[in-house]
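Below you'll find the structure, written out as structure tokens, and then a few comments.
The values are calculated or read from the model by the stated rules, or taken from the named source; none is laboratory data. Please read all numbers here as calculations on a predicted model, not as lab measurements. Heads up, the Cβs are rebuilt from the backbone with ideal geometry, glycines too, and the neighbour counts pull from every protein chain shown.
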Amino acid sequence: MLSAEDNERLTRTGPGTPAGDLLRAYWQPVALVEELPDERPAKPVRLLGEDLVLYRRADGGYGLVGRTCSHRGVDLAFGRLEDGGIRCLYHGWLYDHTGACLEQPAEPPESRFREKVAHPAHPVRAINGIIFAWMGGGEPPDPPAFDAFDAPESHTFAFKGWWKCNWLQGLEGGIDPSHVSFLHRFLDEDPRDTYGQQFREHVDGTDVPLSKLVGDNFRPDIDVEVTGYGLRVYALRDLADDLRHVRITNLLFPNAFVIPFGNRMAIAQWHVPIDDHNHHWYMVMYDLEEATDTETLRAQRLEGVTLPDYEPIHGRHDDWGFDPTEQATTTYTGMGMDINVHDQWAVESIGRIQDRTVEHLGVSDRAVTAYRRQLLRAIDDHAAGRPTPARHAPGTSLDDLGPVAVDMITPRDGWEGHWRDRAARRRHRSPWARDPVDSRDEVDA
Ligand code: FES
Ligand SMILES: [Fe+2]
């Protein structure tokens with residue numbers, strides 16, 4: 001439970017808000033690369049309550065500038081991409097990607113008026129299918145050395161979706177290890193060729209699908225560890241024969257997480273405000289061993305959204321596709337096989353901004369509680385000019401690399417050494433992994 005004041009602090013992200021300032025101190029996803037078609041690579045975007053225009057420059061770089069022309073306020077989203085920038089249709093002012101006004105053709109030739117204009121502009125960088133924006137002012141830092149960024153593009157797949165609620169609900173759903181035992185349970189375990197089937201893959205070394213394993217063992221021990229990048233969340237489920245299921249997920253501070261996806265893949269997913277009542281999730285799915293079948297994955301994901309807004313087909317308007325017969329026979333939710341829709345329902349059904357003054361958090365909500373504590377502290381630290389998580393941690397230890405997300409079964413004793421060994425070995429096998437960072441690798445081949 002939060003005070004009304006803290007709930008406001010965490011959920012309001014427009015310019016000048018405490019959480020908005022903090023989120024702007026990190027690279028934020030603003031679009032997929034695929035959203036800028038060659039015919040006219042420009043698009044209006046809304047990020048953290050700011051209306052902007054994103055475009056690709058002739059030199060291959062990108063520009064992200066304020067949508068409202070600094071002259072007399074018309075919409076620059078219709079601008080002409082020419083002469084090294086974007087040119088307003090109304091009177092021809094030309095802006096470059098730094099916000100400099102290069103030309104004001106109707107002004108006298110000797111005029112230096114254009115030098116007085118500083119149009120809003122933010123640096124951008126494309127990484128593995130996602131265009132990230134730096135809205136924190138000044139010279140941007142390099143993005144952290146996360147696996148999602150280091151992976152060669154051939155081993156990744158990027159996608160996004162629009163969820164109609166505050167960003168924090170989406171993020172809190174993603175780091176909550178408890179819900180997978182319920183929300184994503186399948187009564188019918190027949191594997192189908194759909195997106196999310198990895199969630200029904202057999203857990204390594206067993207003949208049990210993950211969804212069944214976590215569904216049957218619905219009271220995990222949850223532990224949370226503060227790391228350089230944010231939080232590491234352990235969900236431990238004791239099985240028969242002195243075995244333990246270890247699921248490790250990670251919060252990438254402040255608004256992303258890394259979760260395992262099947263036995264080989266992981267997903268890094270951001271939840272970034274469009275405004276305080278809407279947000280986008282952006283993911284980079286990466287395969288640690290093989291090239292991804294991007295075409296198939298994209299086709300599966302496109303079944304769930306309409307373009308150009310990546311708006312989900314299901315939502316509040318159709319009760320997220322709820323079917324009571326399906327709920328009785330096939331899925332826990334009655335909302336189809338796509339686990340992304342389940343998550344969407346969970347966070348949207350709460351309402352646009354959750355009233356956290358009336359919730360009741362239990363022991364199983366430990367990750368959410370720890371995250372809110374970290375976030376509230378970071379908001380204060382950032383406002384006071386003190387360091388905040390994931391900004392000053394050099395990526396030199398196992399803790400800071402990856403981070404590694406696993407689903408595995410280990411002997412109950414010594415499970416911690418097992419997952420670390422496994423993580424190090426996995427990185428070894430990956431064609432793109434950095435040098436091994438943990439000397440306890442190669443326990444077995
Ligand atoms: S309003 Fe854009 S150039 Fe005049
Ligand atoms: Fe989920």
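The table below gives the values:
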quantity: Residue check, Pro105 of a type outside the set (Val, Ile, Thr), surrounded by fewer than 17 Cβ atoms within 10 Å (Cβ to Cβ) and touching a residue at least 60 places away in the same chain (Cβ under 8 Å); calculated: no
quantity: Filtered residues of segment 340-369 (kept if of a type outside the set (S, T, N, Q) and away from ligand 2 (no atom under 15 Å from the Cβ)); calculated: Gly351, Arg352, Ile353, Asp355, Arg356, Val358, Glu359, His360, Leu361, Gly362, Val363, Arg366
quantity: Lone qualifier among Leu171, Leu94 - being in contact with a strand residue (DSSP E or B) (Cβ under 8 Å, 6 or more places away or on another chain) and over 22 Å from Leu231 (Cβ atoms); calculated: Leu94
quantity: Residues located in segment 292-337, provided they are aliphatic (A, V, I, L, M) and under 21 Å from the mean Cα position of the chain (by Cα); calculated: Leu297, Ala299, Leu302, Val305, Leu307, Ile313
quantity: The lone exception for His91 - which of (1) under 15 Å from Pro44 (Cβ atoms); (2) near ligand 1 (Cβ under 9 Å from one of its atoms) it fails; calculated: (1)
quantity: Any chance Leu81 is surrounded by fewer than 21 Cβ atoms within 10 Å (Cβ to Cβ) and in contact (Cβ under 8 Å) with a residue 24 or more places away in the chain; calculated: yes
quantity: Segment 62-85, residues that are near ligand 1 (Cβ under 8 Å from one of its atoms) and under 14 Å from Gly99 (Cβ atoms); calculated: Cys69, Ser70, His71, Leu76
quantity: Segment 406-418, subset buried (at least 18 other Cβ atoms within 10 Å of the Cβ) and out of contact with any helix residue (DSSP H, G or I) (no Cβ under 9 Å at 6 or more places or on another chain), residue modelled with the lowest pLDDT; calculated: His418
quantity: Tyr282 away from ligand 2 (no atom under 15 Å from the Cβ), touching a residue at least 40 places away in the same chain (Cβ under 8 Å) and aromatic (Phe, Trp, Tyr); calculated: yes
quantity: From Gly138, Gly129, Gly173, residue being closer than 23 Å to Tyr62 by Cβ and either touching a helix residue (DSSP H, G or I) at 6+ places or on another chain (Cβ under 6 Å) or surrounded by 18 or more Cβ atoms within 10 Å (Cβ to Cβ) (or both); calculated: Gly129
quantity: Answer from Thr68, Thr13, Thr17 - the residue that is of a type in the set (S, T, N, Q), closer than 30 Å to Arg356 by Cβ and in contact with a strand residue (DSSP E or B) (Cβ under 9 Å, 6 or more places away or on another chain); calculated: Thr13
quantity: Check on Ala42, surrounded by 14 or more Cβ atoms within 10 Å (Cβ to Cβ) and closer than 24 Å to Trp163 by Cβ; calculated: no
quantity: Neighbours by Cβ (under 9 Å, 6+ apart or cross-chain): first from segment 201-212, at positive phi; second of a type outside the set (Val, Ile, Thr) and modelled with pLDDT of 80 or more; calculated: Gly205/Met408
quantity: Filter pass, Val305 being modelled with pLDDT of 95 or more, crowded, with 19+ Cβ neighbours inside 10 Å and away from ligand 2 (no atom under 16 Å from the Cβ); calculated: no
quantity: Helices (runs of 4 or more DSSP H) contained entirely in segment 126-234, each with at least 1 residues that are farther than 30 Å from Pro41 by Cα, within 16 Å of ligand 2 (Cβ to nearest atom) and at pLDDT 95 or above; calculated: 167-174
quantity: Residue match in segment 44-57 (condition: away from ligand 1 (no atom under 16 Å from the Cβ) and either assigned to a helix (DSSP H, G or I) or free of Cβ contacts under 8 Å to residues at least 40 places away in the same chain (or both)); calculated: yes
quantity: Flag for Thr68 being surrounded by 15 or more Cβ atoms within 10 Å (Cβ to Cβ) and not assigned by TED's automatic domain parsing to the domain that holds Val124; calculated: no
quantity: Met335, sole failed condition from (1) in contact (Cβ under 8 Å) with a residue 40 or more places away in the chain; (2) within 15 Å of ligand 2 (Cβ to nearest atom); calculated: (1)
quantity: Cβ-Cβ under 7 Å pairs, at least 6 apart or on other chains, segment 1-16 side in contact (Cβ under 8 Å) with a residue 12 or more places away in the chain, far side small (Gly, Ala, Ser) and part of a loop (DSSP other than H, G, I, E, B); calculated: Thr13/Gly49; Gly14/Gly49; Pro15/Gly49
